[in-house]
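One structure below.
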Amino acid sequence: MASATAASRRVTRNTLSLLGARAITAVAGLVSLPIVYERLGAREFGVWVLLSGLVAMIALVDLGLGSALVREVAAVGPGTDQRRTRAVLGLGLGWSVCLGVTALAATVACWPWLVRLLHFGDLAVEARRAAMALLVGLLLDGVALPWRAVLEGSQRYAPIAWTTGGSALVGAALAVAVVRLGGGLAALAGSAAVTSALRTVLLVAAARRCQPAMSPRPWELRRADLRVVSGYGLRVQVTSAAGAINTDLDRFVLGGFFGPTVAGGFDIGGRLLNLLRLVPGFVLTALFPMAVTRAAQEGPGWLDRFNLTTTRYLALFVVPGAAALMVCADPLVRLWLGQPVAWAALNIVILAPCYAITLALGATAIVTRVEGRPGLETGYAVISVVLNLALTVPLLYLLGPAGVPTATALAVLLATPYFLVHFHRRTGRAIAPLLRIIWPPVAVAVAAGLVGALASGHLPDGPGRLDAALAVLSRGGLTLLVAAVLLAAVGAVGTGDRVRLRALLRRVDPPVAPDRVGAR
């Protein structure tokens with residue numbers, strides 16, 4: 001019980017630290033992006049979105065080393081030989097540097113083709129300088145990969161939180177200063193590279209201070225180490241690549257068919273959708289290394305309870321939240337940018353359901369990685385990609401720009417049942433308990449969303465930012481209120497949950513309600 005209490009408090013501290021950093025990052029982005037959008041204009045901002053997306057996709061080519069390194073560090077116990085861990089960290093450092101250098105060379109070689117494909121036109125020269133600066137930032141972020149893994153694997157999230165939040169503030173301030181002084185894409189990308197350099201220095205210093213014995217040593221790498229890491233990491237890499245195709249590839253398809261302006265509009269909607277991932281994303285990040293350690297100590301029974309309990313609370317949070325975002329999509333965009341952007345609002349409405357489903361099943365994805373079987377998740381990712389690619393072109397011609405995110409949403413929603421059935425069949429787990437957890441929030445969210453949408457025409461709204469704020473508060477408040485009442489009515493939220501929440505806020509371990517013993 002003492003170890004469980006300590007682990008619970010550690011996860012709470014880590015989650016709150018990361019959530020605080022993410023909140024700072026979100027606020028910095030919310031404040032700075034409208035200024036950048038206004039100064040650059042819709043077309044130049046669209047080019048910036050495409051360049052940033054290109055670098056983000058390149059960053060995902062990490063051979064799954066990000067997750068593999070965290071897993072290796074988390075598995076190190078007292079008296080364990082750390083030789084392999086240091087060697088694998090060295091592999092991560094070497095690969096990151098090689099990837100950055102290769103990306104720079106490949107971008108230079110392929111630049112004329114990219115200019116024609118993405119319709120950069122007269123912005124081609126400025127965009128090329130910006131791309132080079134962003135890739136330098138990618139190289140610097142890659143250098144920090146092994147040291148970040150050391151901090152995450154040893155569950156030292158406070159330094160990560162301080163570094164992430166601080167660099168976000170610096171980056172936002174630099175971006176605003178650059179565009180206000182008349183700088184364009186290249187200057188904006190230069191400010192991003194400076195931010196990456198600062199973040200890397202801080203992460204390396206923090207990791208060396210907290211875990212000085214875990215420094216990357218590539219010269220200690222052996223062939224057996226490569227087999228262990230590649231077997232796990234490559235399957236994670238396929239999953240990450242599939243996620244990139246399902247999200248980041250959309251902006252390139254839109255840019256190629258309809259130009260940078262449309263791609264930029266859809267990206268704005270995607271950034272607002274990230275608000276839905278704010279809390280659950282960092283909860284899952286904090287839970288992964290803890291789950292590795294606890295599963296090794298307490299066995300598969302603990303992991304089953306972890307999966308059901310975490311999935312339940314994630315679903316209760318993200319599914320009604322997605323319904324509220326869909327109802328508030330248009331006024332939310334107007335509140336943020338001060339002007340309507342139809343493509344942004346449409347993107348929120350289309351993609352919010354698949355974001356909610358993906359986040360709600362995040363605990364199941366953690367279980368596959370803790371058990372060393374990420375291939376179970378990989379199959380789901382591959383199927384969703386195949387469906388996405390097959391649906392994109394027909395829906396694009398049928399629905400126009402809206403067809404691109406629609407293909408992504410349908411692919412995720414159609415592949416999800418396969419993942420659930422395949423995971424439970426391969427691991428010998430019963431699927432019924434998980435379905436009993438998921439269906440009430442989904443049904444409640446659909447009902448609450450319909451009520452909010454039907455009532456929208458009778459609630460306050462107007463052209464200004466104040467009117468948009470009133471619309472968001474009234475529509476979102478009504479949707480969440482209806483969801484809360486319905487969840488309580490069907491028994492999805494009970495007294496035990498309120499006791500746990502109060503206990504969590506007081507930072508003590510909550511008593512176990514008799515009707516929730518099995519779930520816990």
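Measuring with a 1.4 angstrom probe and ignoring ligands and nucleic acids, D122 comes out at about 130 Å² accessible. The length gained on full extension between A484 and W162, counted as 0.36 nm times the residue separation minus their Cα-Cα distance, comes to 112.5 nm. Taking 18 Å as the cut-off, the amide N atoms of region 335-350 that come nearer than this to a point 7 Å along the Cα-to-beta-carbon line of L413 belong to 345-350. The overall shape of region 278-403, judged from the alpha-carbon gyration tensor, is oblate: a/c is not under 1.5, and a/b is no greater than b/c.
Pull out the extension gain between A432 and Q297, defined as 0.36 nm times the separation in residues minus the alpha carbon to alpha carbon distance; nm, one decimal.
Details: separation 135, 0.36 × 135 = 48.60 nm, distance 2.67 nm.
Computed gain between A432 and Q297 is 45.9 nm.
Per residue, how much accessible area does region 83-207 have with a 1.4 Å probe, in Å²? Walk me through the numbers on the way to the answer.
Working: 4960 Å² over 125 residues.
Ligands and nucleic acids excluded, the result is 40 Å² per residue.
Sorting L398, L54 by accessible area puts them as L398, L54; the probe is 1.4 Å, largest comes first, and only protein heavy atoms count. On the basis of the beta-carbon distance and an R0 of 35 Å, A455 and L60 show a calculated FRET efficiency of 0.30. Between V115 and L398, residue separation times 0.36 nm minus the direct Cα-Cα distance comes to 99.2 nm.
Derived scalar couplings between HN and Hα for region 49-56 equal 4, 5, 5, 4, x, 4, 5, 5 Hz in order, rounded to whole Hz, by the Karplus curve 6.51 cos²θ - 1.76 cosθ + 1.60 (θ = phi - 60°), x for Gly and Pro.
Just to verify a number: FRET efficiency for T102 and Q82, C-beta to C-beta distance, R0 = 35 Å, to 0.05? Don't jump to the answer; show the numbers that get you there.
Working: r = 30 Å, r/R0 = 0.85.
Result of the calculation: an efficiency of 0.70.
Label positions at V386 and A23, each projected 7 Å from the Cα along the C-beta direction, are separated by 4.4 nm. Distance between the modelled labels on V125 and W219, one decimal in nanometres: 4.7 nm (7 Å Cα→Cβ projection). Phi angles of region 324-335 translate, via the Karplus equation with coefficients 6.51, -1.76, 1.60 and θ = phi - 60°, into HN-Hα couplings of 5, 4, 5, 5, 9, 4, 5, x, 5, 5, 5, 5 Hz per residue; Gly and Pro are given as x.
The values are calculated or read from the model by the stated rules, or taken from the named source; none is laboratory data. Just so it is clear, the structure is predicted and the values come from calculations on it, not from any experiment. With ideal geometry, Cβ positions are generated from the backbone for all residues, glycine too; neighbour counts draw on all protein chains shown. The protein model used for the area step is the full one, side chains on, heavy atoms only, and it has no ligands, DNA or RNA in it. Shrake-Rupley method; radii C 1.70, N 1.55, O 1.52, S 1.80 Å.
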